[in-house]
Structure formats: structure tokens, C-alpha cells
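Here is the structure we will look at, set down as C-alpha cells.
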Amino acid sequence: MATAAEPRPAELPLPGGREGASVRVHPLMTGRMIGPEAWFLRRDGRLAWRRALGLGMTRSEWLEFPVPAFLVEHPRAGPVLIDTGFHPSVAVEPRKNLGPVAHVLFKDVRMEAEQAATAQLRAKGVEPSRVNVVVMTHLHVDHASAISEFPDATFVVSRAEWAAATSQGQLHGYVRRQFDHAFDYRLLDFEGPDVESFASFGRSFDLFGDGSVRCVYTPGHTLGHQSVVLRLRRREALVAADAVYLRRNLD
Ligand SMILES: [Zn+2]
């Protein structure tokens, strides 16, 4: 299938690094959905897929889950976004942006217009066009929904995730028109020679070369899922995205 996007390998570090820099992080709740509990727990077994799709389950076996994005303020690289959350149109017409499959699987999409990441950025005094870098943990519909809102940004995605999203379809949680734009996509090759280990993560990249924002490889939820380790002023934060859906997954 022809694609508008022509991703290129990431050339690190991205500009804006500053030795010893720390960042501030602001979670942005862009909306909520409910999904089958079994979808989040990913159990094995003969009928696991039926349960993961919510077939034959009662309402009490569905969980409400948040759809966040994260604003990261770097002292020199400027505002960075992790994931994009729901597109503003999801507040009025969820099926159009999320596609028919996600709309059936995840019910009760709840979003107010002012919850869109762009609206929340503006409310914090950050013009969305100033966001230079968007780190995509993965390209599932609830993360890639608002990519079109950031045409000037550089999008950082893992190479394996790009391959998965462009070869799999809605049954795997991807809606191509959400991300297939002629934008500046940069791929991190976690299987390549430039990867380095960081703490307990075997494969990582230091995005700005100053240790403030590190992408770490956490495949499992999707084939190319990455998480982000942020150096805050007094501690570190791990944005695990869908690598850890529930406390029970972590335990
Ligand atoms: Zn996901």
C-alpha cells in the first residue's frame, strides 16, 4: 500500500541537549474508554482471545481506562510530547477517528473538547506548534489519534513499531490514516548497533544526549513498544504507557 509517510533513521542526539538537564512532566488526560478486563491482563489459554475481545462477558468485567499524553518541559529542547491522546474530533464523533473496530471493542469513549492535548497545551501557555518532538510509545489508536495536530514536530518511533503498524491493521489496534502523514518520522533501531543499555533496560537511546529523556525498549504490548525514562529534578520517572496497564501487570 502506498504511504505518505517516509520515515528516516533517527540521528541522535536531537538538538537542544544541555549537560545535566532535568525535565518537568505534566500528565494530560485526554479522555477515557472502557475495555474488557481480559484485554489488559493478556492471559493465555484456549478462549483467551474471546475474553480479550469481551465476548460473552458481563459489564462488570470491563474496566475504565485513561487515555493520557504527557507534556515534558526540557530547559533547552523546548516542549516535548509523549503520545498524543485523543484527537479533538473524538469528543464529537469517535468512530471517525478511531475506526470501526476500536469503536466496537472499546466502548463508552468519553472526552470533552477541552481535554484534547492541543487545548491543554494552550491552557498551559504552550502553543502546539512549538512542540518540536513527539515521542510515540507505540501507534495504537488511543495514542496516535492526534498525530495530525502536530505537523511541524519530529516524531520518534521505534523501527519495529513502525513495521508493525504499517503491516498490521485495525484488529491489532492500528488505524493507518492516523499516522500516515508526510511528517518528519524518525525511527529508533533498538535491534541495531547504536543501542546502549541503561540501568535495568537492555536497550535504550539517550534522545538529547544529556540523559534527560531516554527511550527504552519495552516490546510486548506491541511488537515495538518503547517506554520513556525522564530525569526530573530530584528523581526519575518512567512513562511506561501500555507496557504496564494495570498495577496487576506490574505485580
Ligand atoms: Zn496500546
TODO: Take the residues in the range 59-108 that are under 20 Å from GLU127 (Cβ atoms) and of a type in the set (Val, Ile, Thr), then tell me which one is surrounded by the fewest Cβ atoms within 10 Å (Cβ to Cβ).
DONE: VAL72
- [ ] Considering each residue of the range 170-180, count those that are open to solvent by 40 Å² or more (accessible area, probe 1.4 Å) and more than 17 Å from PHE106 (Cα to Cα), and give that number.
- [x] 2
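Okay, residues lined up against (1) buried (at least 21 other Cβ atoms within 10 Å of the Cβ); (2) within 16 Å of the ligand (Cβ to nearest atom); (3) at pLDDT below 95:
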site	(1), (2), (3)
PHE190	yes, no, no
PHE198	no, no, no
PHE205	yes, no, no
ARG214	yes, no, no
ASN249	no, yes, yes
Task: Count of residues meeting criterion [outside any strand (DSSP E or B) and within 16 Å of the ligand (Cβ to nearest atom)] in the range 118-143 - done: 8
Task: Set ALA237, ALA243: member being under 13 Å from the mean Cα position of the chain (by Cα) and either within 16 Å of the ligand (Cβ to nearest atom) or open to solvent by less than 40 Å² (accessible area, probe 1.4 Å) (or both) - done: ALA243
Open item on the list: Checking the condition over 16 Å from the mean Cα position of the chain (by Cα) and aliphatic (A, V, I, L, M), which residue from VAL134, VAL126, VAL157 passes?
Closed with: VAL126
Task: Residues within the range 144-169 that are open to solvent by less than 10 Å² (accessible area, probe 1.4 Å) and either within 13 Å of the ligand (Cβ to nearest atom) or part of a helix (DSSP H, G or I) (or both), tallied - done: 6
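The values are calculated or read from the model by the stated rules, or taken from the named source; none is laboratory data. Given the structure is predicted, the values throughout are model-derived calculations rather than measurements. We place every Cβ from the backbone using ideal geometry, glycine too, and count neighbours over all the protein chains shown. Note: areas computed on protein heavy atoms with side chains; ligands, DNA, RNA excluded. Shrake-Rupley method; radii C 1.70, N 1.55, O 1.52, S 1.80 Å.
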